[in-house]
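Inspection log for the structure reproduced underneath, given as structure tokens.
The values are calculated or read from the model by the stated rules, or taken from the named source; none is laboratory data. The shown structure was predicted, so the numbers you read here are calculated from the model rather than taken from an experiment. Methodologically, a virtual Cβ is constructed for each residue, glycine included, from the backbone with ideal geometry; neighbour enumeration extends over all protein chains shown. Side chains are part of the model used for accessible areas, which takes the heavy atoms of the whole protein and leaves out ligands, DNA and RNA. Shrake-Rupley method; radii C 1.70, N 1.55, O 1.52, S 1.80 Å.
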Amino acid sequence: MLKNLSRRVLLAGTSALSAAALLPKRAFAQSAPSNTSTPAQKEFVVRGAHVLTMDDSLGDFARGDVHVRDGAIVAVGAKINAPGAETIDGKGMICMPGFVDTHWHHWTTFLRSVMRADDPKKTYFPVTFALGLHYTPVDSYRAVRLGLAEALSAGITTTHNWAHNVRSPAHADAEVQAMRDGGLRGRFAYGPALGMPNDQPMDLADIARMKRDIGDNPMLTLGICSRNIDGNTGGTRGAIDGAMAKKEWTAARDLGLPITLHTSGSGAIKILDDAGLLGPDLQLVHPLNTGPEDWAALAKHGVHYSVSPIGEAGRSGEMQFPEMLQAGVKVSISIDNVTAERCDCFACMHTMQTINRHRTGGKVKITTKQLVRMATLSGAEDLGFDKVTGSLTPGKRADLILVRTTGTNMRGMGDPYDALVQLATPADVDTVVVDGRVLVRNREFTALDYNKLEADGQQSVAALKTKAKWS
Ligand SMILES: [Zn+2]
């Protein structure tokens, strides 16, 4: 609220002193469009829902209530007495924690209009690289806002904004401002700029500045995303050696910041293990083409792995999350991008179920409840938000969704976890609450103007295409 208030003050041109006291120095907010999506918190009880808490000490309720007040979960039970609280009818709905996405390049969101699946020159990597070099901070803001809006509409309440095109401190501010305005909980992973030299370190001074700006904030945290270190220096995203990784990662760890890194093979894991860089503050992305020694090292050092099943299912190599789970590696689920993939946590879980059966013949047992846990509480654990979200536990912040079970695809369902994994789609997400704020109700955004976001985004895409001489 403070950020929104201060932005309005700035835009109104009044009280420069009070605005300066509230905003960081290089605040992007001064030029940001006014389109926030954070209505006030209110007290309410979701009544009569099938409540899946993802909290083993509470269990589930075939017919239960969830009481929310001041942004927090007050109580969960079969019947809650809360006079004065608004009622949200949960009949015919599953009430569960919001999904936690653990890796998403939000800055690429609006580039989908430029892509063509069947033209190799117009797929994800060539498009994002060619246009990404020309992003202004306003472009970054607009793209991230669109990504966050799509996340909300699909029931995601926490996201890991994997920003691997931070072209200046102003771009970083823009992405963070978008996250503050978007209303979701999340981590901003401050990354390099596309095209920067491999022997040039990231802007470590500005990362330290950003850490001070964000401070201790239960809605927004900071980490870094590292360039690849698998020895393939020809990659368009840049690639660094072990020495540069040590320099950048040591700086991040000195600030207490977690680290995330793309891997699609065992090379990076061995380099990191040999350099003593593996640790519980590290998240790796894409568990492809690894081996038993890698899994053992990851489990030993408490490393997290983020699986982006929809995209990975289309890549060469085997998705090895079953082996990793067996070896004790912590696994969560991510969207990756919505430029060439869908934003659909239900499809992510279903893909993992299918891939596991196909690859291991069911030898590795992964239940539908485990899959839902990976998409909620495990994600919160990965991102360090598990004290505040990921389960419907009294005392945690109120990040929850209602999933309709009344559509033809869900009617007559049996086990609710089976239904979520095998039957549900984002179109079944009826209500989305983050930090006690109802951001989506009856499948409609309650506050944000999506059409305005979309129009702004297309304006950015047109300008980027001109600058990149893209045809
Ligand atoms: Zn990625």
Item checked: Selection within the range 70-123 - open to solvent by 60 Å² or more (accessible area, probe 1.4 Å) and either hydrophobic (A, V, I, L, M, F, W, C) or under 25 Å from VAL429 (Cβ atoms) (or both) -> ASP70, ALA78, GLU86, THR87, ASP89, LYS91, ARG112, SER113, ALA117
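Do we have HIS134 as in contact (Cβ under 8 Å) with a residue 24 or more places away in the chain, in a strand (DSSP E or B) and touching a Leu at 6+ places or on another chain (Cβ under 8 Å) here?
Working: in contact (Cβ under 8 Å) with a residue 24 or more places away in the chain: yes; in a strand (DSSP E or B): no; touching a Leu at 6+ places or on another chain (Cβ under 8 Å): yes.
It is false that HIS134 is in contact (Cβ under 8 Å) with a residue 24 or more places away in the chain, in a strand (DSSP E or B) and touching a Leu at 6+ places or on another chain (Cβ under 8 Å).
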Next item on the list: Among the residues of the range 85-125, count how many are within 16 Å of the ligand (Cβ to nearest atom), touching a strand residue (DSSP E or B) at 6+ places or on another chain (Cβ under 9 Å) and either in a loop (DSSP other than H, G, I, E, B) or among the hydroxyl-bearing types (Ser, Thr, Tyr) (or both).
Entry: 4
Note to self: Against the conditions (1) in contact with a helix residue (DSSP H, G or I) (Cβ under 6 Å, 6 or more places away or on another chain); (2) closer than 21 Å to THR466 by Cβ, where does LEU133 fall short? Just the number, please.
What the structure shows: (1)
Next item on the list: Write out, first by first residue and then by second, each pair whose Cβ atoms fall under 7 Å of each other, whose residues are 6+ apart or on separate chains, and whose first residue, in the range 431-450, is under 17 Å from ARG47 (Cβ atoms) while the second is modelled with pLDDT under 95 and open to solvent by less than 40 Å² (accessible area, probe 1.4 Å).
Entry: VAL438/PRO39
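Output yes when any residue across the range 310-326 is in a helix (DSSP H, G or I), in contact with a Cys (Cβ under 8 Å, 6 or more places away or on another chain) and either open to solvent by 60 Å² or more (accessible area, probe 1.4 Å) or among the β-branched types (Val, Ile, Thr) (or both), and no when none is. Give the derivation first.
Taking the range 310-326 as the starting set, the residues that turn out to be in a helix (DSSP H, G or I) are 310-312, 321-326.
Filter once more, keeping what is in contact with a Cys (Cβ under 8 Å, 6 or more places away or on another chain): 310.
Narrowing further to those that are either open to solvent by 60 Å² or more (accessible area, probe 1.4 Å) or among the β-branched types (Val, Ile, Thr) (or both): 310.
Scanning the range 310-326, I find at least one residue that is in a helix (DSSP H, G or I), in contact with a Cys (Cβ under 8 Å, 6 or more places away or on another chain) and either open to solvent by 60 Å² or more (accessible area, probe 1.4 Å) or among the β-branched types (Val, Ile, Thr) (or both), so the answer is yes.
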Note to self: Every residue in the range 381-400 that is open to solvent by less than 30 Å² (accessible area, probe 1.4 Å) and either without any contact (Cβ under 8 Å) to a residue 24 or more places away in the chain or farther than 20 Å from ILE94 by Cα (or both), please.
What the structure shows: ASP382, LEU383, PHE385
Check: Do you know which residues across the range 36-59 are crowded, with 20+ Cβ neighbours inside 10 Å and part of a strand (DSSP E or B)?
Finding: VAL45, VAL46, ARG47, ALA49, HIS50, VAL51, LEU52
